[in-house]
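Taking it in order: structure first as structure tokens, then the write-up.
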Amino acid sequence: MAKGHKGVMTVCFHGAESTGKSVLARALSARFGYPWVPEFGREYCEDKFARTGSTELTMDDLLAIAEGQDQAARAAAASNPPILLLDTDPLMTAAWAQMLFGEVPPALMAYRKAARYLLFKPDVPWVADGSRFFGSGDERARFAAIAETMLVRAKVRFARIAGDWSAREAAAIAAIEDGCLPSA
């Protein structure tokens, strides 16, 4: 299997909002001791929304988010962990660009890709947290389809993650073990 950042085996959690990516990335990091790179965009947006009072994003915001996410991943990869969990990456930011603006700048597709992606299905309840955008069933389905399209467009390996919380955790663990851990 190909490796991601600096030869480190990277696993990226990918998909529409409120599908458990951050919760599961944090939980698996704690369970297995793998480092976890949180979602840079959440912090960026919360700061911007608090400063401006607006939840509007621009393409420049998305480009800054992708760069910040990539820098955080590179910094975490510098310690050369066996597996690095990425809450998201610039490929998910590309999905945001498509969803918000109907286009994807080439720069968002040019970043280094993770070794493995876990695509989360929006089949768990939506949780409004003040920074999420697309809560209706139709919006979630459209965003999920766009997220998958970005994976296909980038020609990366991915495993589907769905079901209740315990099924999601079991599927994520199996996908990581199957695709990232060396054979005995």
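The values are calculated or read from the model by the stated rules, or taken from the named source; none is laboratory data. Predicted model, so just to flag it, every value in this text is computed and none were measured. For neighbour counting, all protein chains shown are included, and Cβ atoms are generated from backbone atoms with ideal geometry for every residue, glycine included.
Numbers for the structure displayed
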read-out: Every residue from segment 13-25 that is under 10 Å from LEU86 (Cα atoms) and touching a strand residue (DSSP E or B) at 6+ places or on another chain (Cβ under 7 Å); value: PHE13, HIS14, LYS21, ALA25
read-out: Among (1) at pLDDT 80 or above; (2) under 22 Å from ARG160 (Cβ atoms); (3) surrounded by 15 or more Cβ atoms within 10 Å (Cβ to Cβ); (4) of a type outside the set (Asp, Glu), the one test that ARG31 misses; value: (3)
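Yes/no per residue for (1) under 22 Å from PHE143 (Cβ atoms); (2) surrounded by 13 or more Cβ atoms within 10 Å (Cβ to Cβ); (3) under 15 Å from the mean Cα position of the chain (by Cα); (4) charged (D, E, K, R):
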| residue | (1), (2), (3), (4) |
| --- | --- |
| ARG42 | yes, yes, yes, yes |
| LEU91 | yes, yes, yes, no |
| ALA107 | yes, yes, no, no |
| PRO122 | yes, yes, yes, no |
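Per-residue answers, yes or no, for (1) within 22 Å of ALA27 (Cβ to Cβ); (2) at pLDDT below 95:
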residue: GLY53; (1), (2): no, yes
residue: THR58; (1), (2): no, yes
residue: GLU67; (1), (2): no, no
residue: LEU86; (1), (2): yes, no
